[in-house]
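I have placed the structure first, in the form of structure tokens, so that the comments after it can refer back to it.
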Amino acid sequence: MAGKKERQRRLAREHYQRQETKRAQRARRLRTGTIAGVAAGVMVALAVGGFLVFSGNGKPASASATPTPSISASASAPATPTPSAAAAVAEPATHCAYTANGTAARNVGFPPARPDYKATYQASIVTNRGTVVIDLLNSKATCTVNSFVYLAIKKYFNGTNCHRLTTSGIFVLQCGDPTGTGSGAPGYSFNDENLAGATYPAGTVAMANAGPNTNGSQFFFTWKNTKLAPDYTPFGRVIGGMAVLRKIAAAGDDSQNGPGDGYPHRYTAFKRVQIVFSK
């Protein structure tokens with residue numbers, strides 16, 4: 001009897017360890033860097049690559065092109081920049097540094113170095129599935145918001161599609177790569193912000209990345225409360241359209257990156273991103 005109980009405890013421990021390993025692997029895929037078992041190309045832009053992503057023509061990427069926002073794509077990507085050891089900047093920031101990095105998926109230039117740190121911003125992301133409205137956290141992630149607003153005004157996101165959906169362990173929809181491969185970036189990177197005590201409840205909008213201080217254009221929505229290390233800059237919160245995100249998630253994904261991690265079955269494309277601001 002004792003032997004049977006010991007075996008049951010051992011099996012339970014092994015099951016728990018397997019689940020923890022899977023959870024950690026999924027969390028790592030929120031990075032834009034290379035993931036073991038995935039093609040070596042790194043998306044260095046939303047994050048510098050981005051967190052989760054797919055194909056730029058609005059169609060799902062082939063199996064060889066890994067959707068990522070933290071998943072590497074088979075397409076070659078700019079080399080991952082060495083993380084800088086920059087000290088945390090007091091927020092709201094009055095000056096932003098955007099460093100040239102790799103080839104721009106869409107060449108729209110760089111955001112202004114002097115952000116409008118006193119402004120209040122909202123973004124309406126109009127998709128083929130409905131509109132998602134987010135409050136942008138300009139007082140907490142000023143340079144990130146400055147970049148997002150700039151890219152939106154330049155129509156960088158128009159016609160792009162969300163390339164990755166996770167439905168097990170972590171619960172995110174990743175978007176922001178014009179190439180749709182997970183390797184697309186805006187041609188620049190910038191440092192992390194707003195990480196102290198960062199959490200990722202449902203409705204969080206945060207940057208995908210390839211490691212510390214490698215943000216670009218890729219970002220993700222959490223469509224359900226998600227436990228992640230505080231490594232991804234939260235820069236917005238959904239105030240309208242959570243039902244849109246949940247409906248996309250409910251349709252599931254193709255699991256091309258593993259169970260519950262792949263291209264969303266419910267194809268989601270950005271028609272436009274509208275910015276509304278006030279002083």
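The values are calculated or read from the model by the stated rules, or taken from the named source; none is laboratory data. All of these numbers come straight from a predicted model, not from anything done at the bench. Cβ atoms come from the backbone with ideal geometry, glycine included; neighbour counts cover every protein chain shown. Remember, those area values only see protein heavy atoms, side chains included, never the ligands or the DNA or RNA. Shrake-Rupley method; radii C 1.70, N 1.55, O 1.52, S 1.80 Å.
Tabulated data
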| quantity | calculated |
| --- | --- |
| Conditions (1) touching a Phe, Trp or Tyr at 6+ places or on another chain (Cβ under 8 Å); (2) crowded, with 24+ Cβ neighbours inside 10 Å; (3) in contact (Cβ under 8 Å) with a residue 40 or more places away in the chain; (4) not in a loop (DSSP other than H, G, I, E, B): number failed by Ala249 | (2) |
| Selection from region 230-246 of residues that are farther than 21 Å from Thr142 by Cα and part of a loop (DSSP other than H, G, I, E, B) | Gly241 |
| Pair list, Cβ < 6 Å and 6+ apart or interchain, from region 157-177 residues that are at positive phi to residues that are open to solvent by less than 10 Å² (accessible area, probe 1.4 Å) and not in a loop (DSSP other than H, G, I, E, B) | Gly176/Phe219 |
| All positions within region 128-137 that are open to solvent by 10 Å² or more (accessible area, probe 1.4 Å) and either within 17 Å of Ala269 (Cα to Cα) or assigned to a loop (DSSP other than H, G, I, E, B) (or both) | Asn128, Arg129, Gly130, Thr131, Val133, Leu137 |
| Selection count, region 168-217, where residues are among the hydroxyl-bearing types (Ser, Thr, Tyr), in contact with a Phe, Trp or Tyr (Cβ under 9 Å, 6 or more places away or on another chain) and part of a loop (DSSP other than H, G, I, E, B) | 4 |
| Condition met for Gly176 (out of contact with any Leu (no Cβ under 6 Å at 6 or more places or on another chain), buried (at least 24 other Cβ atoms within 10 Å of the Cβ) and among the small types (Gly, Ala, Ser)) | no |
| Residue check, Pro259 open to solvent by 50 Å² or more (accessible area, probe 1.4 Å) and either over 19 Å from Asp177 (Cα atoms) or over 14 Å from the mean Cα position of the chain (by Cα) (or both) | yes |
| Which listed residue is within 19 Å of Gly180 (Cα to Cα), among the hydroxyl-bearing types (Ser, Thr, Tyr) and touching a helix residue (DSSP H, G or I) at 6+ places or on another chain (Cβ under 6 Å), from Thr233, Thr214, Thr268 | Thr268 |
| Any hit, region 113-122, residues being open to solvent by less than 20 Å² (accessible area, probe 1.4 Å) and closer than 19 Å to Ala208 by Cβ | no |
| Any hit, region 185-195, residues being touching a helix residue (DSSP H, G or I) at 6+ places or on another chain (Cβ under 8 Å), open to solvent by 10 Å² or more (accessible area, probe 1.4 Å) and not polar (S, T, N, Q) | yes |
| Single residue of Lys271, Lys224 found to be part of a loop (DSSP other than H, G, I, E, B), touching a residue at least 40 places away in the same chain (Cβ under 8 Å) and surrounded by fewer than 24 Cβ atoms within 10 Å (Cβ to Cβ) | Lys224 |
| Looking only at region 252-268, and only at residues there that are of a type in the set (D, E, K, R) and not in a loop (DSSP other than H, G, I, E, B), the one that is nearest to Phe220 (Cα to Cα) | Asp261 |
| Pair list, Cβ under 7 Å, 6 or more apart: region 123-148 residue among the acidic types (Asp, Glu), other residue buried (at least 24 other Cβ atoms within 10 Å of the Cβ) and modelled with pLDDT of 95 or more | Asp135/Gly236 |
